[in-house]
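*Asks:* Dropping the structure in here first, questions after.
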Amino acid sequence: MSTLPACPACTSDLTYEDGAGLYVCPECGHEWPVQADTAGEAAKVWRDASGNLLQDGDTVTVIKDLKLKGGGGTVKQGTKVKNIRLVEGDHDIDCKIDGFGAMSLKSEFVRKA
Ligand SMILES: [Zn+2]
């Protein structure tokens, strides 16, 4: 089930998707593109190294030593990371690690605790 947006021109809710990436409003004839990033957001899921779904606020464990750039030390395997925040990008977890501060991790290097 997908929810169709109301027409931005006349706020009609009789809009439909024409199957070619456009929403169409039959009342005023307005056409506008289906936002690709909205669709991507709905489909995007974060999974840990074992394939478990991750959610904002989860606690995860680092599964391998992660060397920090710029000589910032190493986050050891087994380090617990609380209250993660999922973000878009190559490093898709924002978090704070005791002793290191705010940083970004890759979901493939953590496991849900
Ligand atoms: Zn309309």
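*Asks:* Please go through (1) at pLDDT below 95; (2) farther than 30 Å from C10 by Cβ; (3) within 24 Å of the chain's Cα centre (by Cα) for P33 and return the number of the only condition it doesn't satisfy.
*Replies:* Going through the list (1) at pLDDT below 95; (2) farther than 30 Å from C10 by Cβ; (3) within 24 Å of the chain's Cα centre (by Cα), P33 breaks only (2).
*Asks:* Mind checking which residues of region 65-75 are in contact with a Lys or Arg (Cβ under 9 Å, 6 or more places away or on another chain) and part of a loop (DSSP other than H, G, I, E, B)?
*Replies:* D65, G73 - these are the residues of region 65-75 that are in contact with a Lys or Arg (Cβ under 9 Å, 6 or more places away or on another chain) and part of a loop (DSSP other than H, G, I, E, B).
*Asks:* I'm trying to understand the selection: among the residues of region 99-112, which are of a type outside the set (F, W, Y) and modelled with pLDDT of 90 or more? Outline the logic, then answer.
*Replies:* If we filter region 99-112 for residues that are of a type outside the set (F, W, Y), which is where we start, we get 99, 101-108, 110-112.
G101, A102, M103, S104, L105, K106, S107, E108, V110, R111, K112 - these are the residues of region 99-112 that are of a type outside the set (F, W, Y) and modelled with pLDDT of 90 or more.
*Asks:* Also: What's the number of the condition A6 fails, among (1) without any contact (Cβ under 8 Å) to a residue 24 or more places away in the chain; (2) loosely packed, with under 13 Cβ neighbours inside 10 Å?
*Replies:* (2)
*Asks:* Pairs only if they're at least six apart or on different chains, beta carbon under 6 angstrom, first in region 49-71 and small (G, A, S), second surrounded by 10 or more Cβ atoms within 10 Å (Cβ to Cβ); list them, first residue then second.
*Replies:* That search, which allows pairs on different chains as well, returns A49/I63; A49/E108; A49/R111; S50/R111; G57/N83.
The values are calculated or read from the model by the stated rules, or taken from the named source; none is laboratory data. Since the structure is predicted, the reported quantities are computational estimates derived from the model, not experimental observations. Reconstructed Cβ throughout: ideal geometry from the backbone, glycine too, with neighbour counts over all protein chains shown.
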